[in-house]
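Written out below as structure tokens is the structure these notes cover.
The values are calculated or read from the model by the stated rules, or taken from the named source; none is laboratory data. As the structure is a computational prediction, the values presented were derived from the model and not from experiment. Note that we place each Cβ from the backbone using ideal geometry, even for glycine, and neighbour counts take in every protein chain shown. The accessibility values were calculated without ligands, DNA or RNA, using every heavy atom of the protein model including side chains. Shrake-Rupley method; radii C 1.70, N 1.55, O 1.52, S 1.80 Å.
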Amino acid sequence: MGLSKGAQFPVDALTKFGVEGEKAVIFFFGQDDAPSCSKQIAAFDAQFATFAYANIRVLGVRSNAFALTRYPVKSGSSKLSFALDEDDAVRKQIDIKADMFGFLGGRETYVVDAAGKVAAVHNAQLDVDSHVQFALTAIKAL
């Protein structure tokens, strides 16, 4: 697992992702057209209003192993935001381990406060629904 609760999320990564100085849920996922990733994105999208009401940015981060197709990276999105982690630079920086014998990028969700401190971390490759429920619970402490 990458960063632990109480650690500082790298400021350069928060800046790169456009969430520096904001409370955020940052979820790392694999490829946008995989059924499990699409399901996770749809689940976060379905709860968008809850996060927005709590003034929490939700950001999906993926590697550049595959092009974003279904949910392309675009600035100014009124719903979820997405970022591309070129060459998995941030994944490496925060030590997110690959799953399934290295075939799948790690699926981790971080909840960070406005100062970039990690308030909670969740890692579950196969239980994609748990990431949204985890985040909804964790933001109550922010």
Could you please tell me which pairs satisfy a Cβ distance under 6 Å, a separation of 6+ or placement on different chains, a first residue in the stretch 12-24 that is over 14 Å from PHE82 (Cα atoms), and a second residue that is among the acidic types (Asp, Glu) and surrounded by fewer than 20 Cβ atoms within 10 Å (Cβ to Cβ)? LYS23/ASP113
Report the residue count in the stretch 26-60 for those that are at pLDDT 85 or above and in a strand (DSSP E or B). 7
Tell me whether the stretch 100-109 contains one or more residues that are over 14 Å from the mean Cα position of the chain (by Cα), modelled with pLDDT under 95, closer than 22 Å to ASP127 by Cβ and open to solvent by less than 70 Å² (accessible area, probe 1.4 Å). yes
Using beta carbons and a limit of 6 Å, which pairs, at least six apart or on different chains, have the first residue in the stretch 83-101 and within 15 Å of ILE26 (Cβ to Cβ) and the second one hydrophobic (A, V, I, L, M, F, W, C) and modelled with pLDDT under 85? LEU84/VAL73
